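Let me begin by presenting the structure, written as structure tokens, before commenting on it.
The values are calculated or read from the model by the stated rules, or taken from the named source; none is laboratory data. Everything numeric here is computed off the predicted structure, so don't read it as measured data. Methodologically, a virtual Cβ is constructed for each residue, glycine included, from the backbone with ideal geometry; neighbour enumeration extends over all protein chains shown.
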Amino acid sequence: METTNSRPNLLWGVTIGALFTPLMIAIFYIGERFADLPFLPLNFFDAVARILPGPLITFGIDTMVDLLIATGFGADLDSAAKTAEQLLGLGLFFGLSVVVSGLFFLILNLVNYKKVSYIPGVVFALAFAIPILMLAIPRSVASSAAPEMKVIWSLLVFIGFGTAIGWAYNAMAFPAIAVKSKTGEATTEGINRREFIVRVGGASATLTVVGAGLGALLGPSNSDGVSSGDVNLANTNVDLNNLPNADSPVIPAPGTRAELTAVADHYRIDILSGGLPSIPEDYTLPISGLVENEVEWTLEEIMDLPSQSEFITMSCISNRIAGSLISTTKWTGVSFREILDIVQPTEEASAIRIIGYDDFDEYVDLDLIRNDDRIMLAYHFNDQPLPLRNGFPLRIHIPNRYGMKQPKWIHTIEFVSEWEPGYWVRRGWSQEAIVNQTSVIDTVASSETFVNDAGTTMVPIGGIAWAGDREIVNVEVRINEGEWQTAEIREPLSVRAWTIWRYDWEFEAGSHTVEVRSYEASGEAQSDPILQPTQRRGTRPDGAIGIHAEEFTLASTESADALPAN
Ligand SMILES: Nc1nc2c(c(=O)[nH]1)N[C@H]1C(S)=C(S)[C@@H](COP(=O)(O)O)O[C@H]1N2
Ligand SMILES: [Mo]
């Protein structure tokens, strides 16, 4: 049995840190839920993620995502990635806090601290808090609290933590005094440290669970940015019966993804793990720098400029083959050329720098804008305001580029003399981020077989193909490594949207493999691996390339015949 004759060592400090840190995290959580204060642990992670090398962070998140998916927790890749980030963030904060608590005990032992007071705990708290605050407060873009409030609140939470750690040290190092102060009588026996740990741990765990539970249950409904306001964000304001390809004869195979993504289903990828940015009510967009006429527009003023709309597929460059980080919505905005006409860039201007409310930055070459009036400052998805998670109030769209080139939550736009690498480019991702052609099998509709005019039972197979702004002109499918067969292609919503393909295959019971490949207008086949179908290229740094293959099994024809024809 451990008793009290010696000072509590580093390991006791680590243990006490491990008991109190969850409570500190729970208090930050409550502050976030009820008062829109910063959730510092994740803001801290975001700051650290910016400092560490990009590949390391990507590796960490990829590993976590694989783990979450393998354990069945990753329903969607993008939410799995966010969860992974959050778990890494909490883990980092917890680990750091525990180590620092151990060091605190160690230092007090080394200086042979004698006077029992709360001061060392407070000093410790400040030493721990200040570097964290300096890194994390600038990243606390999800909180709408005033900067002073953020600092004061965070310091108070840390001081509370430090006081608790200091109290625990005193109680363990000087049990007689501690016990006396509690019960009024001194005991020479002191208290058993393990018992102390159990009691303190129990109390902290209870408070943590109660606090986190209250925060989760009673706090405002989790704002993931899709469920706010009175707009119909769950679906779409676009008339689905009146889409531009409504009379295309090719009907998607049952089970093919929705041709137009519901806004609520749009994938989400960004560098924020601790919540979506808080956008001021009186939002304005300043456009400044190397221009004749600087402007600062309200959203209404921007929406009064001539607008353009297009159905656009966007994909993350880190989307794996057949991954879920790809969506198609109708985008509406103002052509950036329209804006050039108004602001009049000077001779020296050669690029624009876009900075988001999360401090994400990206540069766009001015010549690119001059040569492509499809580049737009967008404010609508599917005829309704951009949801916060997808970039409210404004984001840019550049055709034929991956999502990393399309900043959300635009805060400022500045005309500058030189193009520079943006956020992800500096972290080793592609400079141009041109979309790679891709094709995907969504469905082998084995329960939707039908008998064709010739009396043959057919299985519908289908999916999408996409090549940025390059037209998909042909899609081929092969089964069991047989001959490549031409699939039917449905007219797409636009040349910038994915093309739905369909291939009805003559039913054959057994286990099979299906593969798909596409061709774009230039005649170019999907990718080099066409020649070597097993060859694939991973996402980093230029986006994935590879043939999608699926295995499927068809039960005997009797069961297929039993199914109704469609
Ligand atoms: N401000 C900001 N814009 C951003 C990002 C970001 O982290 N911050 N991520 C980019 C990346 S990598 C992608 S794939 C797309 C995703 O947009 P979505 O979340 O609306 O699908 O946003 C891009 N724009
Ligand atoms: Mo991305």
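What the table below lists for this structure:
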quantity	calculated
Sole residue being basic (Lys, Arg) and outside any loop (DSSP other than H, G, I, E, B), chosen from Arg50, Arg7	Arg50
Only one of Phe105, Phe161, Phe93 that is buried (at least 22 other Cβ atoms within 10 Å of the Cβ), in contact (Cβ under 8 Å) with a residue 60 or more places away in the chain and over 35 Å from the mean Cα position of the chain (by Cα)	Phe105
Which listed residue is under 24 Å from Leu276 (Cα atoms), at pLDDT 90 or above and out of contact with any Leu (no Cβ under 6 Å at 6 or more places or on another chain), from Gly121, Gly91, Gly160, Gly95	Gly91
Verdict on Leu11 being crowded, with 17+ Cβ neighbours inside 10 Å, within 27 Å of Ser154 (Cα to Cα) and in contact (Cβ under 8 Å) with a residue 24 or more places away in the chain	no
Strands (runs of 3 or more DSSP E) contained in the range 229-342 and holding at least 1 residues farther than 26 Å from Asp365 by Cβ and within 16 Å of ligand 1 (Cβ to nearest atom)	326-335
Some residue of the range 127-148 being among the hydroxyl-bearing types (Ser, Thr, Tyr), surrounded by fewer than 18 Cβ atoms within 10 Å (Cβ to Cβ) and in contact (Cβ under 8 Å) with a residue 40 or more places away in the chain	yes
The range 310-339: number of residues that are touching a Ser or Thr at 6+ places or on another chain (Cβ under 8 Å), among the charged types (D, E, K, R) and more than 21 Å from Pro385 (Cα to Cα)	1
Residue that is more than 27 Å from Leu88 (Cα to Cα) and either within 21 Å of the chain's Cα centre (by Cα) or within 16 Å of ligand 2 (Cβ to nearest atom) (or both), where the choices are Thr236, Thr298, Thr329, Thr256	Thr329
Out of Ile369, Ile312, Ile375, Ile326, sole residue that is touching a strand residue (DSSP E or B) at 6+ places or on another chain (Cβ under 9 Å), under 24 Å from Trp498 (Cα atoms) and without any contact (Cβ under 8 Å) to a residue 40 or more places away in the chain	Ile369
Search result, residues across the range 343-364 that are within 16 Å of ligand 1 (Cβ to nearest atom) and among the hydroxyl-bearing types (Ser, Thr, Tyr)	Tyr357, Tyr363
Residue in the range 270-295 that is nearest to ligand 2 (Cβ to nearest atom), counting only those that are at pLDDT below 95 and touching a helix residue (DSSP H, G or I) at 6+ places or on another chain (Cβ under 6 Å)	Ser273
